[in-house]
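Chemist: If you scroll down you'll find the structure; I have some questions about it.
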Amino acid sequence: MEDVVKKNMQNWDDYSDAYLRFKHDERNIEKVMQNPSAAFEKGTWEQIACWVGDLKGKKVCVPSSGDNLAVFAFAKMGAEVTSCDISQRQLDAGKRVAQKLGLDIGFLQTDTMTLDGLADDAFDLVYTSNGVHVWLNDLDKMYQNVHRILKKGGKYIMCDVHPFQRPFGENLRVIKPYWEVGPYEDNYNITYTWRIQDIMNAMSKSGLRFLNMEEMHDEKDYEYPFWLPLEDAVNGVKVAKEEVDRMYDWRQNPSMALPQWMCIVCEK
Ligand SMILES: C[S@@+](CC[C@H](N)C(=O)[O-])C[C@H]1O[C@@H](n2cnc3c(N)ncnc32)[C@H](O)[C@@H]1O
């Protein structure tokens, strides 16, 4: 296993319990079970609905599945889902929730850049969610394998932090040039801030055919506004409506003038 994968895996194993404490809170899981599309940014859900349609019986793979909220949502909608992650602790936590919910889901420990253990030409949909690319050092390898495991005509859909967010810190202070992509190493992790060209060129080289891209803002959400810690949102802490309106208005909060998420759809 490469050093970058080993180090990030160890960190996610160590961090998993704290990370999932509120993500796997019964109230948060219930929200996804009541309305599975709540596991996705609105624009991403629209792309899944548009390009994949009814998920019943579809074979879906979710590499770097993390909190597994998308995995639970796909399974609830009737898909046959394989959840993959490098952290066994994250997978074990997902397995416990799936058992409680009575959802039949496959869990596999594998590196998203190799997808070892997954058959060729097997899936109707491969989906990666927010916060996946930042941990990966070889996007060419990742996309070769995403292409490998998709059926002919199968879709790859990704949503992740928009790379235009990366050069900026608080109050839009520039903290790095767009083209510096890492590696950034600290005591815990090794990360990368890939550009749009790094992601799209890797997709194209793999043989995936580009279908559509959406550049999105956070949808205004009075219940779960983006800056409210999940713990508070799950505990029902309310933020004043005027404060939410102000924070989502780019004239008052200029960071809202940048796209926050991007969603790309490809086909094999
Ligand atoms: C922030 S989560 C992303 C998924 C989800 N959107 C979430 O918010 O939980 C990142 C996940 O990537 C996993 N990960 C990091 N490097 C990986 C690798 N090389 N292969 C597979 N999974 C990896 C981590 O274990 C973690 O569960």
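Just so it is clear, none of the values below were taken in a lab; they were calculated from the coordinates. Please read these numbers as outputs of a predicted model, since none were measured by experiment. Cβ placement follows ideal geometry from the backbone for every residue including glycine, while neighbour counts extend to all protein chains displayed.
Chemist: For the stretch 177-268, state which chymotrypsin sites (Phe, Trp or Tyr not before Pro) are in a DSSP loop and have at most 16 other beta carbons lying within 10 Å of their beta carbon.
Modeler: Working: sites: Y178, W179, Y184, Y188, Y192, W194, F210, Y222, F226, W227, Y248, W250, W261; in loops: Y178, W179, Y188, Y192, W194, Y222, F226, W227, Y248, W250.
Here the chymotrypsin sites (Phe, Trp or Tyr not before Pro) that fit, given the DSSP loop and packing criteria, are Y178, W179, Y188, Y222, F226, W227, W250.
Chemist: When the chain is treated as a GNM, springs tying every alpha-carbon pair under 10 Å, which of R89, R21, R195 comes out with the largest mean-square fluctuation?
Modeler: R21
Chemist: Let me ask something else about it. Any of K176/K220; K100/K155; K95/K155; K6/K176; K59/K152 with alpha carbons more than 18 Å apart? Name them for me. The partial results should precede the final answer.
Modeler: On the way: K176/K220 28 Å; K100/K155 30 Å; K95/K155 25 Å; K6/K176 26 Å; K59/K152 13 Å.
Checking Cα-Cα distances, K176/K220; K100/K155; K95/K155; K6/K176 exceed 18 Å.
Chemist: A follow-up question, please. What's the exposure ranking of C266, C50, going from fewest to most Cβ atoms within 10 Å?
Modeler: On the way: C266 26, C50 12.
Listing C266, C50 from fewest to most nearby Cβ atoms yields C50, C266.
Chemist: Note the full-extension length gain between K205 and K56 as 0.36 nm times their separation in residues minus their Cα-Cα distance, in nm to one decimal. Don't skip to the answer; put the middle values down first.
Modeler: Working: separation 149, 0.36 × 149 = 53.64 nm, distance 3.09 nm.
In short, 50.6 nm is gained.
Chemist: Under 12 Å between alpha carbons, and skipping anything fewer than 8 positions from K241 in its own chain: which aspartates and glutamates qualify?
Modeler: Here the aspartates and glutamates satisfying the reach criterion relative to K241 are D221, E223.
Chemist: Averaged over all directions, how much area does the convex hull of the C-alpha atoms of the chain cover when projected, in nm²? Can you show the working numbers first?
Modeler: On the way: hull surface 54.9 nm².
Hull-based average projected area comes out at 13.7 nm².
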